[in-house]
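See structure below.
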Amino acid sequence: MNRNIKHVLKSAFNAPQPTKKEAFLNSLPYPKATTYEFFLSQLGYIRKRFWCLSLLLFVGMTIFSTQLKHGSEIICFISTILPLLTLLTITEISKSMSFHMGELEDSCRFNLSKITLIRLSVIGIFHFVILLLVLFIFRDNSQYGLLRYALYAVTPFLLSSYLSFWITNHFKAKDTTYICGGVTIFISLSVFTLHSNYTELYNQNYTILWAAAFVAISILLIKELYFLMNERIRQWNFA
């Protein structure tokens, strides 16, 4: 067929531009979840294994710590075990990569960064409650005072969180969870070694250094979380 005739036929049968498209889409009867409903809905997507392991870790840590006599032994054990909570968090957040579900999550109504932020918020609140309970239960058993006790217990946890998120952000391999697990175990063993062989680092003279480390690691952790959110937004935009 002549090329000019093809062009004329194609022009004659072109579909007209849609009118009132936005009004039509807005009139469709699809469910509109509120932010609160969306927040609650994400609880169902966090695996029961995560909740069970987190609670089991907390109960086991509490029971075992009550058997220890000295405050230094309690803080040593708690600060050694708490980084394991980070491994549970990374495993839960990175499961879409592990199970090749990233494309499916990209097709959701809510963008991937918002979903990740909500789930991190849920997990963060849950683990924050666990930390508060641990600090409250053993506040009178510590020989360091509440402030130093909190610094010694939480700083290794923040360090493992920062390094794990850094690894997740900069290494895209599926086995990053195993790398994070190795880092977490290394930090736990390092904390145990410090308490056992370098007790002078836990003297009152080093409180300022611990506080500075706490603040610095917190800033770095926030930076990595911000990077993670931007990376998820970029994946959403180019999906």
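Confirm whether T177 is assigned to a helix (DSSP H, G or I), touching a residue at least 24 places away in the same chain (Cβ under 8 Å), hydroxyl-bearing (S, T, Y) and farther than 18 Å from H127 by Cα. Break it down into steps so the answer makes sense when it comes.
Numbers: assigned to a helix (DSSP H, G or I): yes; touching a residue at least 24 places away in the same chain (Cβ under 8 Å): yes; hydroxyl-bearing (S, T, Y): yes; farther than 18 Å from H127 by Cα: yes.
Yes, satisfied.
Quick one: in segment 180-228, which of the residues that are of a type in the set (S, T, N, Q) and free of Cβ contacts under 8 Å to residues at least 40 places away in the same chain is nearest to P83 (Cα to Cα)? Before you say what the answer is, go through the steps one by one.
Let us first name the residues in segment 180-228 that are of a type in the set (S, T, N, Q), namely 184, 188, 190, 193, 196-197, 199, 203-205, 207, 218.
From what is left, the residues that are free of Cβ contacts under 8 Å to residues at least 40 places away in the same chain are 190, 193, 197, 203, 205.
Numbers: S190: 11, T193: 15, N197: 20, N203: 22, N205: 25 Å.
That would be S190.
Mind checking which pairs have a first residue in segment 25-44 that is within 11 Å of I118 (Cα to Cα) and a second that is of a type in the set (S, T, N, Q) and at pLDDT 65 or above, Cβ under 9 Å, 6 or more apart or different chains?
Pairs found: F39/S121; Q42/S121.
Output the number of residues of segment 174-193 satisfying the condition of being more than 25 Å from I222 (Cβ to Cβ) and either modelled with pLDDT of 85 or more or not charged (D, E, K, R) (or both).
4
Here is a check on your reading of the model: is Y149 touching a Lys or Arg at 6+ places or on another chain (Cβ under 8 Å), in a helix (DSSP H, G or I) and not aliphatic (A, V, I, L, M)? Steps first, please.
Working: touching a Lys or Arg at 6+ places or on another chain (Cβ under 8 Å): yes; in a helix (DSSP H, G or I): yes; not aliphatic (A, V, I, L, M): yes.
It is true that Y149 is touching a Lys or Arg at 6+ places or on another chain (Cβ under 8 Å), in a helix (DSSP H, G or I) and not aliphatic (A, V, I, L, M).
Rundown of residues vs (1) of a type in the set (D, E); (2) under 30 Å from Y198 (Cβ atoms); (3) surrounded by 14 or more Cβ atoms within 10 Å (Cβ to Cβ), yes/no style:
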residue	(1), (2), (3)
G44	no, no, no
M61	no, yes, yes
Q67	no, yes, no
E73	yes, yes, yes
C76	no, yes, yes
T80	no, yes, yes
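Quick check, is V215 at pLDDT 90 or above and not acidic (D, E)? First the steps, then the outcome.
Details: at pLDDT 90 or above: yes; not acidic (D, E): yes.
Considered against the rule, which asks whether it is at pLDDT 90 or above and not acidic (D, E), V215 comes out as yes.
The values are calculated or read from the model by the stated rules, or taken from the named source; none is laboratory data. Because the structure is predicted, anything quoted here is derived from the model rather than measured. Don't worry about glycine lacking a Cβ; one is built from the backbone with ideal geometry, like all the others, and counts go over all protein chains shown.
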